[in-house]
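Undergrad: This is the structure I have questions about; it appears just below.
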Amino acid sequence: MALLALTLPVAAAAARGPADLPPYGQAYQPQGTDERGLWMLADEDERELRDSKFLIDDPALQAYVAGVLCRAVGQDRCRGVRIYLVRVASFNANMAPNGTMQVWSGLLLRVRSEAELAAVLGHEFAHFELRHSLSGFRRQRSATDIAAWAAFLGQYGATVQQAAVGSFFQFNRDQEKQADLLSLKYAIQSPYSAQAAAHVWQRLMDEADATALGRKQRSQRYDRVAFFSTHPTNLDRATYLAALSADVAAKPEGAESYSAALAKWLPDFLSDQMKLNDFGGTEYLLSSLAGEHWTAPLLFARAELYRQRGNPRDLAAAADFYRSALAADPGLAEGWRGLGLCLMRNRQRTEGADALKNYIRLRPQAADIPMLQTMTGE
């Protein structure tokens, strides 16, 4: 019933124009023992996060992401949010009950526009506004208590325990849908496209398929929810978000401004992605990022991906990708290094040595220069 109650107003709003958001109470303070305890935990986590070596220290990028959030949910709502950009290659964002929001670099790499980033951040803010952390905290404690009592019920204990824990995760799935639908309300009243959220989940499904194919595994079944799954299936999510936003007037995506804001960090985020040992998913991600325009950083990343896998045909393909990257940017020192190593490994020593010498010329203080000079005979 809770999902239906949210779905119908959103669908009606999509048909008539801007959605009416629920009233927002500013400067909320925790009430009761449970909330105060949860906030204390969140405050302690934030203190540790603030000093984490994984934080991205870039005030300009942080201000940009904060601006996207504020345009997505409104200035009054976002005022008390503290955003931390974290360099972790997985797709994730989350928000604690004390107003701390984490945005991971893997998410920044995968979304294509301000509208898509706004959709994901709006979803996390919806959890915060609906106070789902507190509900989940209470539910988890209740489920744990039930499971403890179930241990005394002999052969029926495991069944009762599984039902208790399963009910907790099912509750979370309902919360995820509620957050999806409230975030769609944000999108309808924001300057961003309401269709963006469905695009994100569709691409995540495609990337997961590519990962499975690269690892010679079966594709995931997106139409089924595992017992312990905390989220709706990606197919379910993409379907209902696309349906609810289909009749909403088209609005800007902000793709060019997003690309410009991320440009400084793109090579680093791509480098982190390479370390995940996910050839199929990374190849899909690079192709998706490039579209019909392969830039030097994307070509370099693709070359690195193939060189690291290291099959003879991969090395030949990698050399071509390096050459294309260097044609676009002859000053790309790492491209000369990769090309040289690739050619050396393929026994093309003369051309490989020439490429490595270009790298040495461009990066004379690099730590690996002595090793490379040995390879070139200098």
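The values are calculated or read from the model by the stated rules, or taken from the named source; none is laboratory data. As the structure is a computational prediction, the values presented were derived from the model and not from experiment. A quick note on method: Cβ atoms are made from the backbone with ideal geometry, for glycine too, and the neighbour counts reach across all protein chains shown.
Undergrad: Which one of Phe279, Phe269, Phe227 is over 18 Å from Val88 (Cβ atoms) and modelled with pLDDT of 95 or more?
TA: Phe279
Undergrad: State whether the residues of the range 249-261 include one that is free of Cβ contacts under 8 Å to residues at least 24 places away in the same chain, charged (D, E, K, R) and farther than 20 Å from Asp206 by Cα.
TA: yes
Undergrad: Condition test on Glu378, is it part of a loop (DSSP other than H, G, I, E, B) and farther than 30 Å from Asp206 by Cα?
TA: When the stated conditions are applied, Glu378 passes them.
Undergrad: Looking only at the range 186-208, how many residues end up being closer than 11 Å to Gly281 by Cα and either without any contact (Cβ under 8 Å) to a residue 24 or more places away in the chain or hydroxyl-bearing (Ser, Thr, Tyr) (or both)?
TA: Here the count works out to 0.
Undergrad: Let me ask something additional. Do we have Gly106 as in contact (Cβ under 8 Å) with a residue 40 or more places away in the chain, more than 30 Å from Pro297 (Cα to Cα) and either acidic (Asp, Glu) or surrounded by fewer than 23 Cβ atoms within 10 Å (Cβ to Cβ) (or both) here?
TA: no
Undergrad: Sort through Leu299, Leu305, Leu326 and tell me the only one that's on the phi < 0 side of the Ramachandran plot and either of a type in the set (Asp, Glu) or over 26 Å from the mean Cα position of the chain (by Cα) (or both).
TA: Leu326
Undergrad: Looking only at the range 321-347, how many residues end up being under 17 Å from Asn358 (Cβ atoms) and among the charged types (D, E, K, R)?
TA: Qualifying residue count for the region: 4.
Undergrad: Step by step: first the residues of the range 240-285, then only those that are of a type in the set (S, T, N, Q) and surrounded by fewer than 17 Cβ atoms within 10 Å (Cβ to Cβ), then the one that is nearest to Glu304 (Cα to Cα). Which residue is that?
TA: Among them, the one singled out is Ser271.
Undergrad: Would you check which residues across the range 47-85 are within 20 Å of Phe128 (Cβ to Cβ) and among the aromatic types (Phe, Trp, Tyr) and list them?
TA: The answer is Tyr84, and nothing else.
Undergrad: Another one. Is the range 313-320 home to any residue that is under 26 Å from Leu109 (Cβ atoms), buried (at least 19 other Cβ atoms within 10 Å of the Cβ) and free of Cβ contacts under 8 Å to residues at least 24 places away in the same chain?
TA: Within the range 313-320, not a single residue is under 26 Å from Leu109 (Cβ atoms), buried (at least 19 other Cβ atoms within 10 Å of the Cβ) and free of Cβ contacts under 8 Å to residues at least 24 places away in the same chain.
Undergrad: When the residues of the range 244-261 are filtered to those that are within 13 Å of Ala187 (Cα to Cα) and touching a Pro at 6+ places or on another chain (Cβ under 9 Å), which remaining residue is modelled with the lowest pLDDT?
TA: That would be Pro252.
Undergrad: Same structure again: Being touching a residue at least 60 places away in the same chain (Cβ under 8 Å), touching a Gly at 6+ places or on another chain (Cβ under 9 Å), within 14 Å of Val111 (Cα to Cα) and not acidic (Asp, Glu), is that true of even one residue in the range 280-290?
TA: Yes, some residue in the range 280-290 is touching a residue at least 60 places away in the same chain (Cβ under 8 Å), touching a Gly at 6+ places or on another chain (Cβ under 9 Å), within 14 Å of Val111 (Cα to Cα) and not acidic (Asp, Glu).
Undergrad: Right, something else. Which of (1) at pLDDT 95 or above; (2) more than 31 Å from the chain's Cα centre (by Cα); (3) over 16 Å from Arg302 (Cα atoms) does Leu341 not meet, given it meets every other one?
TA: (3)
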